[in-house]
1. Once label points are set 7 Å from the Cα along Cα→Cβ at both Arg22 and Glu89, what is their separation, rounded to one decimal in nm?
2. Excluding ligands and nucleic acids, what accessible area in Å² is computed for Leu82 using a 1.4 Å probe, to the nearest 10?
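The values are calculated or read from the model by the stated rules, or taken from the named source; none is laboratory data. Just so you know, these numbers come straight off a predicted model, no measurement behind them. All Cβ positions, even for glycine, are placed from backbone atoms using ideal geometry, and neighbour counts span all protein chains on display. Please note that ligands, DNA and RNA were not included when accessible areas were found on the heavy atoms of the full protein model with its side chains. Shrake-Rupley method; radii C 1.70, N 1.55, O 1.52, S 1.80 Å.
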Amino acid sequence: MTTGSPPPPPTVPQRPKRSRARTFVPLGIAAWMVLEIWLLTVVAGAAGGFTVFLLLVAGFVLGAVVIKRAGRRAFKNLTETLQRQQAGETSAQRQGSSGNGFLMLGGLLLMLPGMISDVAGLLLLVPPVRSFLGRYAERSLERRMSAAGAGSLGDAFQQARIHRPDGKVVQGEVIRDDGPRPPLTP
């Protein structure tokens, strides 16, 4: 027999509020796909189906070449950096990003079938556009990082909670003491 306060009345579990991104991103992708298909049919009506087919194949081939080239350049930069670090050279100043990520994104957009994605991919191949987007992304990331509160990964684990089906939240920590583990090799 337990004594204490009576259990709380049952509550209806509330569904978490759906974020705007989860609502609008699928709608935006669907609208983009419809627009791409419509634009392809308009171009096919004006220039012919074979011309559209050649444009799609050319975009795919150009995108593959761009991704391959950007990947090789990124790998070359990585190996040069690793060689400099092994030689003991430490470069205090950053040399600036060469925009390989945006090049790869441009190549991917070129590979996707559609005229709008091809135009966006071609825009990402232009160096001033890549540098502008890189600066914008860097400023945006710095702004978000400075707005985030200070903390560590351990703090994140301290905030972990277990949600029970009845709606109660129980904070806890799992401590596992199985003793020494056997070696991995037989």
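1. Reported label-point gap for Arg22 and Glu89 is 4.9 nm.
2. About 80 Å², rounded to the nearest 10.
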